[in-house]
Amino acid sequence: MGNRLITFILGILLLPAWQCASAQPQVAASIRPLLLIADAITDGISRPDLVLDATQDPHHPALRPSQRRVIDQAGVFLWIGPAMETGLEKVATERPDSVLTAMELPMLNRQAIGDTPDPHVWLDTDNALVIAASLADRLAALDPENAGHYRDNLRLFREDVHSLDAAIRERLQSDTFPPFAVYHNGYQYFEAQFGLQHVTSFTGNEEVQPAIRQLLAIRKELADNQVHCIVTGPSQNTARLDNQLEQDAIRYVTIDVLGYDIERSKDGYSRFMRQLAEAFAGCRTE
């Protein structure tokens, strides 16, 4: 009898936290934009965990033991998929019942860069709604007691995003938006949704630097199309780029598509997208 009791207690202690009777299913999100969506759906119920921090490249992450535990103890592990977080593919396949892969969701709007799927799906607010709805459904199934609360949060998130769409369109005014270029072709979800179109991009892969011949061709495109604004990421060296382009009056707009400077809250995703739109609006000269 004593051995059975000890075995039972050990079994309870080794259960993931979300399976304990007093806890709601814990959400682990691979990157911050997904975390901001999860924050909206779990508001008032639980606080999701972030797996990858700002110091890690989501394309090639090396998980620390503490990060692996976050995934292992989660009731739902929300990630983009192998097109984004290549290093998490093995971990995800080990926990198929708890994984929610954004890139595989039905109704998702998918883009490609050449022949490669573009993983930046969260930059389309319609995609954010698809992800949020799928997460709410999964959590409601795992936690029936709070199912109504998850669905109420989803309704509020939808209302927030619909207001957000209107505000972004008003701010950008795509019909009169000036010509611009992007260093990395990673903003096309946002561009397509809000009626923007870059003239040229320097690279489709942030890890590959453009060759000299390509830079010369881009320099000509910028001049021919009167482009005076280039959208870059935080890692780009704009001073070096300026020297390579040898053009006057180029304005650089920096956008972090991972939103690590956005404070967490139930409206974090909305504030992230508003900030992104405001950065794009920096291409205007007024």
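Sort 49, 224, 152 so that the residue with the fewest other Cβ atoms within 10 Å of its own Cβ comes first and the one with the most comes last.
Fewest-to-most ranking of 49, 224, 152: 224, 152, 49.
Using the alpha-carbon atoms, what tilt in degrees (0 to 90, nearest 10) does helix 147-172 show relative to the longest principal axis of the chain?
Taking Cα atoms only, the helix is inclined about 10 degrees.
Between [x] 0.99; [y] 1.08; [z] 1.05, which entry matches Rg/Rh (Cα atoms, Kirkwood Rh) as derived from the coordinates of this structure?
Given [x] 0.99; [y] 1.08; [z] 1.05, the structure-derived one carries the label [z].
For the chain, set up a GNM with springs between Cα atoms under 10 Å and report which of 44, 268, 186 has the largest fluctuation.
44
Give me the number: length gained by fully extending residue 252 to residue 216, i.e. 0.36 nm times residue separation minus the C-alpha to C-alpha distance, one decimal in nm.
Residue separation times 0.36 nm, minus the Cα-Cα distance, leaves 11.1 nm.
Mind jotting down the distance between the C-alpha centroids of region 189-247 and region 99-145, whole Å?
Using only Cα atoms to place each centre, the spacing works out to 29 Å.
Which percent of Cα-Cα pairs in region 24-169 sits in each 5 Å bin, short to long?
Histogramming region 24-169 at 5 Å steps yields 2, 10, 20, 22, 21, 15, 8, 3, 0, 0 percent.
Select from 149, 120, 60 the residue whose mean-square fluctuation is largest in a Gaussian network model of the chain (Cα-Cα springs shorter than 10 Å).
60
Which residue, 48, 61, 119, tops the fluctuation ranking in a GNM of the chain built on C-alpha contacts under 10 Å?
Of 48, 61, 119, the Gaussian network model singles out 61 as fluctuating most.
Of the GluC sites (Glu not before Pro) in region 174-274, which ones lie in a loop per DSSP and count no more than 13 other C-beta atoms within 10 Å?
Passing sites in region 174-274 are 207, 246, 263.
Cut-off 11 Å, label point 7 angstrom out along Cα-to-Cβ of residue 240: give me the residues of region 184-209 whose amide nitrogen falls inside.
Taking a point 7 Å out along Cα→Cβ of residue 240, the residues of region 184-209 whose backbone N falls under 11 Å are 209.
Provide 131, 230, 262, 113 in ascending order of the number of other Cβ atoms located within 10 Å of each residue's Cβ, fewest first.
Least crowded to most crowded, the residues run 113, 262, 131, 230.
From the helices alone, meaning DSSP H stretches of at least four residues, give me the mean residue ellipticity at 222 nm for the chain, per-run term -39500 (n - 2.57), in deg cm²/dmol to the nearest 500.
Theoretical 222 nm ellipticity from helices: -13500 deg cm²/dmol.
Between residue 279 and residue 107, what is the label-to-label distance in nm when each label sits 7 Å out along the Cα-to-Cβ direction?
Label-label distance for residue 279 and residue 107, simple model: 2.9 nm.
Bear in mind that the values in this text are calculations on the coordinates, not laboratory data. Note that the structure is a prediction, hence the values are computed from the model and not measured. As a convention, Cβ positions derive from the backbone with ideal geometry for all residues, glycine included, and neighbour counts pool all protein chains shown.
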